[in-house]
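Q: Take this structure, written in structure tokens, and hold onto it; I'll ask about it next.
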Amino acid sequence: MEKRVIIYRLIIFTFLLLLSVGCKKKEKPLLPIVIVEQPSRRDVHIYGEYVGRIRAAQYVEIHARVEGYLEKMLFREGKKVRQHEPLFVINSAQYRARVEKAEAQLKKAQAQAAKAERDVQRLEPLYEQHAASQLDLDNAKAAYDDAIANIAMSQADLDQAELELGYTTVTSPISGYISERFVDVGALVGPGVNSKLAAVVKSDTVLVDFKMTALDYLRAERRNVKFGVQDTTRFWQPNVTVTLADNTEYPITGLVDFADPLVDPQTGTFGVRAALANPEQVLLPGQFTRVKLLLDVRERAIVVPRKAISIEKGGAFLYIIRRDNIAEKRYVETGPEMGNSMVIERGLGESENVVVEGYHKLTPGIEVNAVKAGDEKTLQALREENK
């Protein structure tokens, strides 16, 4: 009887032991699955974005420099003109008459000078022979000097008259595109009347003006970036890219060629100018555009996806998975953000595994199943096992 009781107790104990082991296996917690990715090292381009306005490299107004009636217009409005190409013709009759009068006056002065010179030459030997007085010789020399001065005055009058005659044909001071005319043929034009005739715009190269913050300027200075000065020792330059009206990027980049040395105390900004080639006249002077300026290039910076970074009161942190699959909370110093990525300045090595998905399941010291980003086969197998 006692033997049978012992056997029953052994059977019950064995059953309970097996049941306990089976329950423990079922109650074992499932390890969370996280996606990890190693940081990348690459050159990071840091840009600043500003609102800019495009203007022509040259804008020259054409004015009438002499008064008269406008006789001809020799161009088609809106078309390209060459430097020194005739554009307008002002009635030149009175200016031509002034030239002829000045020419005659010059000839008269030259004739008088020739006579005065002969008088001096005739009196000098007579004076030496005491046949003429000192007064006669002095008067002859004074008359000659006066005649020479009259020649100079007459020549200046002729030059002035010819200059004014030349102004009756108005030419283009630069090559570019001409505006519409501001006066009609037959109108009286000239200084103080209707002097402005048209304007010529040189827009094969355009300038982009924008305002830059003093903070951006200081950051660039720390990287030894001098705006308006090309540094050939650096492999990159502070290039500028502008956006067109349809939000597409203009394919030609420009370079900052001027930075205002004074900061506006009211806005904390200063003026910056960049020049861009515009061979197809795509950029129109006067239009506003969005300007993207390359401020810095961080060589071989450590970069992680932006979604891996969390922010709390203590600062920015992320989770890394150690080789023993234990999660570690790591505070890091972040740098510039570019799209969906962020630079890590301090606190992270390039060979560490950073959690990019599933970090909301983690607490420091927890064991996890870590899957490399893109390894869909392993990820699917772990998910099936955890079902």
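Q: With (1) surrounded by fewer than 19 Cβ atoms within 10 Å (Cβ to Cβ); (2) modelled with pLDDT of 95 or more as the list, and LEU158 as the residue in question, which single condition is left unmet?
A: Of everything listed in (1) surrounded by fewer than 19 Cβ atoms within 10 Å (Cβ to Cβ); (2) modelled with pLDDT of 95 or more, LEU158 misses just condition (1).
Q: Does any residue of the stretch 270-287 turn out to be β-branched (Val, Ile, Thr), under 25 Å from ARG42 (Cβ atoms), outside any loop (DSSP other than H, G, I, E, B) and modelled with pLDDT under 90?
A: So far as the stretch 270-287 goes, no, none of its residues is β-branched (Val, Ile, Thr), under 25 Å from ARG42 (Cβ atoms), outside any loop (DSSP other than H, G, I, E, B) and modelled with pLDDT under 90.
Q: Let me ask you something else. What number of residues within the stretch 46-99 are outside any strand (DSSP E or B) and surrounded by 13 or more Cβ atoms within 10 Å (Cβ to Cβ)?
A: Of the residues in that region, 14 qualify.
Q: Scan the stretch 183-202 for residues that are surrounded by fewer than 16 Cβ atoms within 10 Å (Cβ to Cβ) and not in a strand (DSSP E or B) and jot them down.
A: Within the stretch 183-202, ASP184, VAL185, GLY186, ALA187, PRO191, GLY192, VAL193 qualify.
Q: Which of the residues belonging to the stretch 286-328 are basic (Lys, Arg) and touching a Gly at 6+ places or on another chain (Cβ under 9 Å)?
A: ARG290, LYS292, ARG298, ARG306
Q: Within the stretch 13-27, is even one residue at pLDDT 65 or above and among the hydroxyl-bearing types (Ser, Thr, Tyr)?
A: no
Q: Given the structure, is TYR144 outside the structural domain of GLN287 (by TED's automatic domain parsing), over 20 Å from VAL66 (Cβ atoms) and assigned to a helix (DSSP H, G or I)?
A: Answer is yes for this residue.
Q: Give, as residue ranges, the strands (runs of 3 or more DSSP E) completely inside the stretch 300-387 that count at least 1 residues that are in contact (Cβ under 8 Å) with a residue 60 or more places away in the chain.
A: Per the criteria, 315-321, 327-331, 333-338, 341-346, 353-357, 369-372.
Q: What is the one condition in (1) closer than 30 Å to VAL343 by Cβ; (2) touching a strand residue (DSSP E or B) at 6+ places or on another chain (Cβ under 6 Å) that VAL51 does not satisfy?
A: If we test VAL51 against (1) closer than 30 Å to VAL343 by Cβ; (2) touching a strand residue (DSSP E or B) at 6+ places or on another chain (Cβ under 6 Å), just (2) comes out false.
The values are calculated or read from the model by the stated rules, or taken from the named source; none is laboratory data. Note that the coordinates shown come from a computational prediction; the quantities given were computed from them, not determined experimentally. Quick reminder, even Gly has a Cβ in these numbers, built from the backbone with ideal geometry, and neighbours come from all protein chains shown.
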